[in-house]
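Please treat every number below as a calculation from the coordinates, not as lab data. The model shown is predicted, which means the values in this text are computed figures rather than measured ones. Every residue, glycine among them, receives a Cβ derived from its backbone with ideal geometry; neighbour counts consider all protein chains shown.
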Amino acid sequence: MVQEIPMVEFKDVTKFYLKSNQPAVEHISFKISKGEFCCLIGTSGSGKTTLMRMINRMNSVTKGKVLVNGQDVKTMNAVNLRRHIGYVIQNNGLMPHMTIRENIVLVPKLLKWPKEKLAGKAKELIDLVELPESYLNRYPNELSGGQQQRIGVVRALAADQNLILMDEPFGALDPITRESLQKLVQNLQRRLGKTIVFVTHDMDEALRLATKIVVLHDGKLIQVGTPEEILHHPANKFVKDLIGEERLSEAKYETVKVKNVMTAPVKINLGASLTDALTLMKEKHVDTLLVVDDDNHLKGYLSIADLQRKYPLVSTVSDILRTVSTTVGPDEYLRDNFSRILSRNGQYVPVVDANEKLIGILTRSSLVNVVYEKIWGDKNTLKNQSAKKAN
């Protein structure tokens, strides 16, 4: 059986910067397979960005080799290499004097794609991140920070690159926007099968996104593994401290996925009347309803307070719709969502599939049940324990 060539491989890599006696990274060796989401994580100065920038030759290699698709990057034309690797940075890197359309197709244009193909690619990619096509004619300063970063993400896909480098792309964003973009990138990676190398200092982010985590400290490789391996078998105290006591405690829930504990949502169609909404609330004994379109795509939510204020000034659900700020996917681990739900004022978070279709809700009560069983066991176990104590 022929072994597949890794998308990226570091072979005993060391990097010295000029005027420094200390290596930025030292004797680093690991592989990134095609289709993996690899997070490089460590404290400031650990060498994670230095390492990532060696892949597209923005940093040179002092000793050792960096291979992309089995080829030593030192032997490749640097400009051509970079044009075939997507790159996303923290401040999005959009050209302020160019329209969004021009920004998206910048690299394909340099690769001399025909005009018709450029136009089609720009429309395809802005649709992919659910922004209006009219935004193609706007300039970056006319978009919010989160919208600009969405454009930065799809620009890295514009030339059909299979390898994407992301250098702390969401670090400057607010928590809600950051969470939304994490979900976007995760869904795109799964749907398109791209290989992503993602630099972060946030262990929550790494555990949520990665299929492989590389832990670095003081320029040295400390541990490589899946999120589960890192959580359950941290290599040393540094890794334990990086994970944090709360994360280590929540690791016991790692086998439980959202789909295992989600419940049926109470939902209403976008075009329904407010009378229909009030009737459904009364029937189901709830004070909020999730709102979907005819294809069951989640569009927002409606609360009894909003209904009371607006009725009878408006007539349909769509008139008083509010945006849902947080959703989870069915295959996400419960460990990644405990804090998100418990820290929210609401009692539940909607569960949507990769196409944003509503399939369930994750409630606080479902989390309580899981914690109860994990700590004390199920009812039969408790009865047996009580019987033993009585005897």
Notebook entry, point to check: From the Cα gyration tensor of the chain, with a ≥ b ≥ c the square roots of its eigenvalues, which class applies: rounded if a/c is under 1.5, or else prolate if a/b is larger than b/c, or else oblate?
Noted result: oblate
Next item on the list: Return one number: the angle in degrees, 0 to 90 and rounded to the nearest 10, between the long axis of the Cα atoms of helix 379-390 and the longest principal axis of the Cα atoms of the chain.
Entry: 80
Notebook entry, point to check: For helix 145-155, what angle does its Cα long axis make with the longest principal axis of the chain, in degrees from 0 to 90 and rounded to 10?
Noted result: 50
Checklist line | Cα-centred dipole magnitude for the chain, charges only on beta-carbon of K, R (+1) and D, E (-1), debye, nearest 20 | finding: 740
Next item on the list: Give the order of Ile361, Ile176, Ile100 when sorted by the count of other beta carbons within 10 angstrom, beginning with the fewest.
Entry: Ile176, Ile361, Ile100
Check: Which of Leu136, Ile55, Ser365 sits farthest toward the positive end of the charge dipole of the chain, with +1 on the Cβ of Lys and Arg and -1 on the Cβ of Asp and Glu?
Finding: Ile55
Next item on the list: Mind putting a number on the dipole of segment 58-187 about its Cα centre? Charges go on the C-beta only, +1 for Lys and Arg and -1 for Asp and Glu, and I need it in Debye to the nearest 20.
Entry: 560
Item checked: Hz values of 3J(HN,Hα) by residue in segment 3-9 - Karplus curve (6.51, -1.76, 1.60), Gly and Pro given as x -> 7, 5, 6, x, 5, 9, 9
Next item on the list: Taking the Cβ of each residue in Tyr311, Tyr17 as the centre, tally the other Cβ atoms inside 10 Å and list the residues starting with the fewest.
Entry: Tyr17, Tyr311
Check: Among all the lysines, which ones have a C-alpha under 27 Å from Lys357's C-alpha, if same-chain residues fewer than 8 places away are not counted?
Finding: Lys121, Lys123, Lys183, Lys194, Lys257, Lys259, Lys267, Lys282, Lys284, Lys299
Note to self: Contact order normalised by length for segment 258-370, with contacts defined as Cα pairs under 8 Å and 6 or more residues apart; what percent is it?
What the structure shows: 31
Notebook entry, point to check: Taking every DSSP beta bridge that has both residues in the chain, what percent is antiparallel when rounded to the nearest 5?
Noted result: 60
Next item on the list: Mind sorting Thr43, Thr50, Thr326 by how few other Cβ atoms lie within 10 Å of their own Cβ, fewest first?
Entry: Thr43, Thr326, Thr50
